[in-house]
1. Among (1) surrounded by fewer than 20 Cβ atoms within 10 Å (Cβ to Cβ); (2) within 43 Å of the chain's Cα centre (by Cα); (3) within 17 Å of A:ILE218 (Cα to Cα); (4) not aromatic (Phe, Trp, Tyr), which single condition is A:THR280 missing?
2. Would you mention how many residues in region B:187-216 are part of a loop (DSSP other than H, G, I, E, B) and either among the charged types (D, E, K, R) or touching a strand residue (DSSP E or B) at 6+ places or on another chain (Cβ under 9 Å) (or both)?
3. Can you find, within region A:143-179, the residue that is surrounded by the most Cβ atoms within 10 Å (Cβ to Cβ) among those that are among the β-branched types (Val, Ile, Thr) and assigned to a helix (DSSP H, G or I)?
4. Output the number of the condition that B:GLY157 fails; it satisfies all remaining conditions of (1) among the small types (Gly, Ala, Ser); (2) more than 14 Å from chain A (Cβ to nearest Cβ); (3) not in a helix (DSSP H, G or I).
5. Just the residues that are surrounded by fewer than 23 Cβ atoms within 10 Å (Cβ to Cβ) and aliphatic (A, V, I, L, M), please, taken from region B:85-102.
6. Would you say A:ARG207 is under 21 Å from A:LEU284 (Cβ atoms) and modelled with pLDDT under 90?
7. Got a sec? Which of A:ALA221, A:ALA182 is surrounded by 15 or more Cβ atoms within 10 Å (Cβ to Cβ) and modelled with pLDDT of 90 or more?
8. Scan region A:79-114 residue by residue and report those that are at pLDDT 90 or above, farther than 20 Å from A:PHE142 by Cα, of a type in the set (D, E, K, R) and not in a helix (DSSP H, G or I).
Amino acid sequence: MYKGGGHAPRGAGVIAGWVAAWLLLAGSPAARAQPLPEAAGAPAPWRIVLIRSWDALYAMNIAREQALRDALTEKAPRLVEIYTEEIDSLRVRSGIEPEFGALLKNKYRDIPIDLVIASGIEPLDFATRYRDDIWPGAPIVFNGVIDGALDGWRRPKRATGVTMTFDMVGTIALGMAVVPGARRAYVISGASPFDRHFLDIALKQLRNIDRPVEMRYIVGATRDETMQRVEALDRGSFVVYLSMLRDGAGRVWGPGATALPEVVARSTVPVVTPVQSQWTRGPLGGSSVQLDAHGRAAGLLSRRVLEGADPDAIEIRATPEPVCQVNWNALQRWNIPERNVPSRCEIVNRPQVLWRAYSWQFAALFAIILLQALLLWSLLMQSRRRRRAEAELQARGAQLAQVARLSTIGALTASIAHEINQPMGAILSNAEAAQMMLEQGVLEPGTLREILADIRNEDLRASEVIKRLRKLLARHEWNPVALEVNSEVAEALRHVAFDAARRGVKLAPVFDPATPVILADSVNLQQVIINLVVNAMEAVAGAPPAEREVRIQTRSVGNGAEIVVADRGPGLSQDDEARLFQEPFTSKKDGMGLGLSIVRTIVEMSRGTVSYESNVPHGAIFRVRIPALGA
Amino acid sequence: MMAAPAIPGIVHVVDDDSAFQTAIARALTAAGHRPRVYSSAAEYLAADDSEGPACVLLDLRMPGPSGLDLQGALSRRDNAHPVVFLSGHGDIPSTVRAMQAGAIDFLTKPVPIATLLDAIHRALERDLERQRVLLRRGELKERYATLTPRERQVMAGVIAGRLNKQICYALHAAERTVKTHRARVMEKMKVRSVAELVRIAEELEQAGIELETTPL
């Protein structure tokens, strides 16, 4: 078909169309159209005749025509009026074409047509022959013509268009890829002129296959025969479905009754097809023009021509390039592994496997989950470690608390003795004085009253001292509470005040009122301060009187409180510094060396730190830092 | 009834604890002594206390100069009273230092009054003795001061065991003159024998008096 040098496609003679609605309209005087009134000043609309093949609802028509119309009217500078005609060689008997032409001529007598769009080979044939008569002067833009159908065609004046590629080569290649070692390909085609036309073009393309496969044809058979054939195909083959508008029994299978789904259902081997509009009907896939893209290209071309481009100067090309597509469901249907699908083919309808569709989001999600898990794990470990460390610290703290008490007692022996013996001595002397006076008979009641009052006061004073010492020295549980650092330091300094006086050491406290409240054990904190201050006092023992000073400072630092104990004694050597907080460490000849170790342990139990630095020009500075309550 | 002390005296109580001051003063008063209280070493040093017999009852630890510091300062005085330490807590080094520096005793509070009075008694005895020595030294110094330079030279010769002839030769004097000087020395110094004169010379030297030496 359409071969040779005829001035028109051979099918022209048999092609004619008829639309009942137009007959009715034509027969009615009321329908006689008047010259269309043009809105004053507004440009006339573009009036376009669109001629399509067969039923408008063939899938191939729908996708293509929709895209064409959209492209045509999209942001058009004028109104676009489209008049559609149908040429249906499938169902309408031939021979009525002259009358149909005459009818159209009459129909469009008063309608100036700017463009004729021919969608398909049969409309193109009709337009080629009747354009000058019915729509004189209107250019022709065609589409929906299979690439290869126009070989030897004589291009009429003022006509251009786009062809579409139903890619047999790519489709066969797909079939051979998904059926490794395929020996045969069964080509199915119907009996209508279009079916034959399509087959003809397909066969021409097959000459170009690199690695020939044996081609078998199921052509012109009835639909039932066709189905029987595909049910019994040998392994190692596949089916190439072209079209079956009409079967060998003369039955037309309209848009709703296409044979392909049944072929797919019956076939034991994969079915491929080079027609994109068929891909939704169950075949494996194929290589085809994208019909909507093709329609859009035709629409844009039409616009160019309407806007004044010279159609004769526009080259006719296959537009766009074919694409290969494979239906994932069909792969499952014929048990074909995805790896067999050539890489140029896109696999569609893959179930939305979430992690595949959103792979990087999933990767990120998993990374986050993993990170969180790691974080949780490390936090758990950390907290477990901390709890263990705390338990160890508590246990060690309990042991050391005892040692700390002993150490504090040692540091305070002189103070304790003095503070107790002072009132005791006064009491004894008072009592003995009273006794002597009594014996001498000189004890006046007033004197006795004074003496007794003094005895009482001194007794109270002694018991007060004992109470205070007991609090400091008694065995007690580690009991951290919220503490005012300044008042704790002040109380600790009261314990060592006497010791400082006898050593001739001046205690110089500087209290920062902004020092935060901390969580610590009062007694232990005081023991820390006492230990550090007594150490400092011992360090300055040999210093000149002016330098016998221990500076005690509280202040707020960072997230906590700092207690600084500084002296201007000889300080520590670097070796001593390194061993400072280990036990036993002492630079005194009769020291046990436990003081600083205890200090550190107690401070650490309060989540604090103790550090040493050298004073300038000489001396020691100890800094105790404890986090503020709630820090 | 407690008897009056064998030696009643002034007891200087140096203690910063006013309650203790009061108590100890009461007890000492009841025991027949005359206590005087001071709350610091400086306060005591500033007070005139040349009277006797007296002693110092000294606390070891006080703000400012300690008891040991005060004892050191007193020992540089030639008329210092004996010291008894009375401390709330005495460590061994302090005790040793105090005793080496001549303290009568080192007591710790609380101290039974008998113990305290015994120590005070010994201190007052020492003070009386000290006063006696001071008196005699003063007397001897006065006697020596009455000698003429020539008599002092002769006395130096005599206590050095020289014969009259040797002294004559050394002093370029006649033997009779020397004999006269010698008799006057014995008279002025109120001694009857050379041995007695030698002993007084030693006492004077102990009291730090520079004696004339013989140019032999």
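1. (3)
2. Step one: of region B:187-216, the residues part of a loop (DSSP other than H, G, I, E, B) are B:189-193, B:207-216.
Within this subset, residues satisfying the condition of being either among the charged types (D, E, K, R) or touching a strand residue (DSSP E or B) at 6+ places or on another chain (Cβ under 9 Å) (or both) are B:190, B:192, B:210, B:212.
Final tally of qualifying residues: 4.
3. So the first thing to find is which residues in region A:143-179 are among the β-branched types (Val, Ile, Thr), and the list is A:145-146, A:160, A:162-163, A:165, A:169, A:171-172, A:178-179.
Now drop any that are not assigned to a helix (DSSP H, G or I), which leaves A:169, A:171-172, A:178.
Values: A:VAL169: 18, A:THR171: 29, A:ILE172: 27, A:VAL178: 25.
Within region A:143-179, the match that is surrounded by the most Cβ atoms within 10 Å (Cβ to Cβ) is A:THR171.
4. (3)
5. Selection gives B:ILE92, B:VAL96, B:MET99, B:ALA101.
6. Details: under 21 Å from A:LEU284 (Cβ atoms): no; modelled with pLDDT under 90: yes.
No, not satisfied.
7. Working: A:ALA182 fails: modelled with pLDDT of 90 or more.
Matching residue, one of A:ALA221, A:ALA182: A:ALA221.
8. Within region A:79-114, A:ARG109, A:ASP110 qualify.
The values are calculated or read from the model by the stated rules, or taken from the named source; none is laboratory data. Remember, it's a predicted structure, so these values are computed and weren't measured experimentally. We place every Cβ from the backbone using ideal geometry, glycine too, and count neighbours over all the protein chains shown.
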